[in-house]
Structures are given as C-alpha cells and as structure tokens.
Amino acid sequence: MLTKIVRVLVASLSFLLLLEGCEQQTNKWTVVSGDTLQLFPKETSQEQQTDDISETIAKYSPESGLICVLFGYGFNSQEFYDDAIEKLSKRYGLADNGGIILPVSFPDAVKGRISNLYDIINERDIKGIILLGAPDGTHKTLGRLKDDWKEEEATGHEVPYPVFSFMPQDDILGQESNCDFVLEYEQNTVLTEEDENINIIIDETAEEIVMRAVRYIEELPAPLPHDTNLHSHVQAIVGEKKVRRYTDGETGLQSINHFIIEK
C-alpha cells in the first residue's frame, strides 16, 4: 500500500502539470479543434496514429500498474472475448505474460459473484479499470475500493486511477458516482426492423472503443476530473460517432459524467 500511496502522490502532481499544459501541443496531448483533445500514444508520431491493430505494436511495461478490463453482459460472448483479448494481447500484452492487461470475464473469472472483483483488484497494482457491461452490484465493489483508499491514505484521496464504464447493466446512479464516466448507446423506445442488427453494430463499435480506452488510461496519470473537458475526453475515446451528455427525461437536467453515443 505504501508503494501505491507514493505513486498516487506523484501521479497527482503529474496530472496537475498535464492539465496546465493541455492547451498546448505536447508529445501526448493536443487540441485538435475547439476544446477537443486528442491523445497520442507513447513512442509514436502523429503520422502513425491509427486504430488499425495490425500496425506496429508498441511495448508496454506493467511497472506502472495493470489495466483491468471486465467483460460483463453483452461483452462476454466467446467470440467477442477471444477477438478482443487477441488484439489487446498483441498491442499491450496480458498480465500473465508480462503485459499490462488484466482481463476478467464475468461470471466465470469471479465465480458468479461480482463482489469477488474486489479481491482481484485489491491484490494487484492497478492503473485503471474498464467496465464492459458491468453487472448488477458492480458499483458496490467500486465503492468498497474507494472506501479503502479513503481510510488507508493520509491524503484522503479516493481511488487514484481512472474507471471507465461502458454500457453498464448496473445501477446507473451508482455507476456515475464511482466512475470517471458512464457511456451508453442511444436506445429507441420502440425497436424497428433496423434495430435487429444492433448487437453486431455494438460489438464492432465497442471493440474500437475499448482499444482507445486502454490507450487513454495507459497515458493518464490520474482519474479524469468531472469538468468541462470531460465531454471532449469521452468523444476522443469514442471516435467518429457523436457523443452527448445524458439528459434526464423528467427533470431536463444533464448529467455531469453520463454520456450517450448517438446512432
């Protein structure tokens, strides 16, 4: 835990410096249009930026922590899981082989209980968490992790790493309060014939988003703050599809960190 605390303090200072300089082009960040931020991976140039996984694979070290990817509802089919793991392994490496990706498939890897994710996370040095289709009760596990950090750190920090949630099946308010952001696909009240292929579209889009999300977390020294730039960060992770803030249908209020991918 002492090692984690030292890393948190260093990360916090680094993040402040990063935010101060994010409006100027650096080797990692640049404003490409308006307030939109684009993230450049390490050891690659602007001309090399592409989402083609077959391009040159960068080498990453687990010394700065692991990125846990939870494959939950809608993302735990054998086909999607195998394809995603193959691409993540080629680019970033899996934790078992000296890489930075720690895959967790629900329900098998947690023995059917999402609460067991707590031990998986707590026993390792974690740099970030990506939740795909988070099952019911995931927010309670995240809450336990936050409580641990509040109790054990003299600085009083909450979980000192990014937590991104995509298409959760968990309580939304609980997800919002425990994650940097929550992202969902726009849903029609009445499904049409065109919506019959929505699962295929979601799978293909989600895979691209996961790769960008991992790249984003690999570069981030701390969680994304819930400020005016959060929308731009989420848009950069999603890519071409337009992202908007979730608006409550009854109150008309916009969420701070809940976003919708428009069709």
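Its Cα centre serving as origin, the range 69-127 has a Cβ charge dipole (Lys and Arg +1, Asp and Glu -1) of approximately 160 debye.
For residue 127, nonlocal amide neighbours, meaning residues 5 or more places apart or on other chains whose placed amide H falls under 5 Å from its own, are 66, 67, 68.
Please find the FRET efficiency linking residue 219 to residue 125, where r is the Cβ-Cβ separation and R0 is fixed at 22 Å, and quote it to the nearest 0.05. Don't jump to the answer; show the numbers that get you there.
Values: r = 17 Å, r/R0 = 0.79.
That gives a FRET efficiency of 0.80.
Legend: residues 228, 141, 247, sorted from most to least accessible area (1.4 Å probe; ligands, DNA and RNA excluded), read 228, 247, 141.
In a fully extended conformation the segment linking residue 251 and residue 187 would gain 21.2 nm over its present Cα-Cα distance, using 0.36 nm per residue.
The accessible surface of the range 68-184, taken with every protein chain in place and a 1.4 Å probe, is 42 percent carbon and sulfur.
The values are calculated or read from the model by the stated rules, or taken from the named source; none is laboratory data. Since the model is a prediction, treat every value here as computed from it, not as a measurement. Positions of Cβ are backbone-derived with ideal geometry, glycine not excepted, and every protein chain shown enters the neighbour counts. The protein model used for the area step is the full one, side chains on, heavy atoms only, and it has no ligands, DNA or RNA in it. Shrake-Rupley method; radii C 1.70, N 1.55, O 1.52, S 1.80 Å.
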